[in-house]
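Every number here is computed from the coordinates shown, using simple stated rules; none is lab data. What you are looking at is a predicted structure, and each value in this text was computed from that prediction instead of being measured. Note: ideal-geometry Cβ built from the backbone for every residue, glycine included; neighbour counts use all protein chains shown.
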Amino acid sequence: MLEVFVDAATAGDPKVSAAGIFIKGEGHLLKKSRYLGEMDNHTAEFAALVIGLEMAKELTSGMVSIKSDSQVTVDAFEREFTKNAKFKPLLAQALDLAAHFDYCFIKWIPDSQNRAADDLARTELRSHRR
């Protein structure tokens, strides 16, 4: 089973964001960060989820456990629904990617358990804000 930790960081005016993804399991230990540009934090959390699922798809078709500290993202993914028009395309993309796996689930975790992904996102964001 792959564990995919996803997080986003947002700062500034205008708000700019970055994503951090930490993957472990099945002999893998991967870290990735990506600058996302102008977007709010919730949208960035959905973008981080999509990036994490894209990475996982390259590694396995088996079981994937996604961990996120974004309750909005977790709830939408579990319900397979969001009212927010900004999130709909990213949620659809995430659900499409999730269909690739034998089993894919998401779990909310507190910030303290998502430090690796958070550090990656914050470091990436700082590198673009200088």
Completion exercise
Footprinting proxy, 58, 45: sorted fewest to most Cβ within 10 Å, the residues are 58, 45
Fill in the blank from the handout: Placing +1 on each Lys and Arg Cβ and -1 on each Asp and Glu Cβ in the chain, then taking the dipole about the Cα centre, the residue among 29, 2, 128 whose Cα reaches farthest towards the positive end is 128
Exercise for the section: For each of 120, 29, count neighbouring Cβ atoms within 10 Å of the residue's Cβ, then give the residues from fewest to most. Expected result: 29, 120
Fill in the blank from the handout: If each part is reduced to its alpha-carbon centroid, the stretch 1-61 and the stretch 64-104 end up apart, in Å, by 13 Å
Practice task
Can you check what the net charge comes to around residue 107, using other residues whose Cβ is under 13 Å from the Cβ of residue 107 (Lys, Arg +1; Asp, Glu -1)?
Solution key: -3
Problem - Gyration tensor over alpha-carbon atoms, the stretch 62-130, equivalent ellipsoid semi-axes in Å - result: 23, 16, 12
Exercise for the section: With a/c under 1.5 counting as rounded, go ahead and sort the chain into rounded, prolate or oblate using the C-alpha gyration tensor (a ≥ b ≥ c being the square roots of the eigenvalues; past the cut-off, prolate if a/b is larger than b/c, else oblate). Expected result: oblate
Practice task
For residue 106, enumerate residues with amide H under 5 Å from its amide H, sequence gap 5+ or separate chain, H modeled in the peptide plane.
Solution key: 66
Practice task
Can you give me the P(r) profile for the stretch 21-71? Cα pairs, bins 5 angstrom wide beginning at 0, each as a whole percent.
Solution key: 4, 17, 31, 23, 14, 7, 3
Exercise for the section: Return the FRET efficiency for the residue pair residue 58, residue 92: r is the Cβ-Cβ distance, R0 is 30 Å, and the value is rounded to the nearest 0.05. Expected result: 0.90
Problem - Computed lengthening from residue 123 to residue 38, 0.36 nm per intervening residue step minus Cα-Cα distance - result: 29.0 nm
Practice task
Give me the lysines in straight-line cross-link reach of residue 15: C-alpha distance below 25 Å, same-chain residues under 8 apart excluded.
Solution key: 31, 32, 67, 83, 86, 88
Exercise for the section: Indicate, rounded to the nearest 5 percent, the antiparallel portion of the DSSP beta bridges found entirely in the chain. Expected result: 65 percent
